[in-house]
Amino acid sequence: MAKTLHDYSNPVVANIVVGPTVNVGDGNFKLHTGLITMVQANQFHVFPSEDTNAHLQHFLELCNTIIIKDVAPESIRLCLFPFSLSGKVKQWFYKGKQAVKTWDKCSAAFLAKFFLMGKTNALRGRILNFQQSSMETIPEAWERLQDYIQACPHHGIENWLVLQNFYDGLIPMSRGHLDAAVGGAFLPHTIDGATALINKMVSNQS
């Protein structure tokens, strides 16, 4: 089935950065109080300041430190995830528990429900219409752009366009610095070459 325009804007759990998953099979187990307490220390309440991607990243990082013999990681995640939710979010989880009976379905439903389309569009707009401020250096502007990208990893904007918009959004003096750094013009460079140059500038400033 072909993707719709809406599908391209939906966040996907594959964008969440986590470590390697350890396959430990499947079996019965009991959650210890200590595990539940650790998960409950970082609950999601759907406050305006909360980030669904960041919440899932923290949760998955914690789960990936837990290995229980003969128990699949997915089973651990599904059992612990409700403890990472609070209030209306927890009610949402249990209300639709039949629709989230696998971890893939659960995480996808969580992102689709609480990472609203309006937030996606706003962050995508910041990436597409990026402008360097007069007080920023090139590395500072690049790091701010990366913050926008990290906050919306499902933005769907191709790397070449991100780089081109970044260059176009720089103040004239900064564009001149980039051109001089490559000994001519910045835009004729490849995606990898242009990205490496900017990252080198960031590293040098650090």
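Values for this structure:
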read-out: Calculated FRET efficiency for the pair ASN64/ILE171, C-beta based, R₀ 35 Å, to 0.05; value: 0.25
read-out: Sites GLU74 and ALA2, calculated FRET efficiency, Cβ-Cβ separation with R0 30 Å, nearest 0.05; value: 0.55
read-out: Taking ILE66, ILE191, ILE138 and counting other C-beta atoms within 10 Å, the order from fewest to most; value: ILE191, ILE66, ILE138
read-out: Equivalent-ellipsoid semi-axes of the chain, from the Cα gyration tensor, Å, largest first; value: 40, 19, 16
read-out: Footprinting exposure proxy for LYS69, LYS200 (fewest neighbouring C-beta atoms within 10 Å first); value: LYS69, LYS200
read-out: Estimated distance in nm for a label pair at SER49 and HIS189, the labels positioned 7 Å out from Cα along Cα-to-Cβ; value: 3.8 nm
read-out: Among PRO48, PRO73, PRO172: highest mean-square fluctuation, GNM of the chain, C-alpha pairs under 10 Å; value: PRO48
read-out: Under-5 Å amide H pairs with PHE44, H placed in peptide plane, nonlocal only; value: LEU85, SER86
read-out: Nearest-20 debye value, region 59-206 charge dipole, Cβ charges on Lys, Arg, Asp, Glu; value: 1000 debye
read-out: Three-way shape call for region 117-205 based on the alpha-carbon gyration tensor, with the a/c threshold at 1.5; value: prolate
read-out: Lysines with Cα under 25 Å of LYS105, excluding same-chain neighbours fewer than 8 positions away; value: LYS3, LYS30, LYS69, LYS88, LYS90, LYS95, LYS97, LYS113, LYS119
read-out: Förster-model FRET efficiency, 30 Å R0, LYS113 and ASN199, C-beta, rounded to 0.05; value: 0.30
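The numbers here are math on the coordinates, done by the rules we state, and not lab data. None of the values given here were measured: they were computed from a predicted structure. Please note: Cβ atoms are built from the backbone with ideal geometry, for glycine as well, and neighbour counts cover all protein chains shown.
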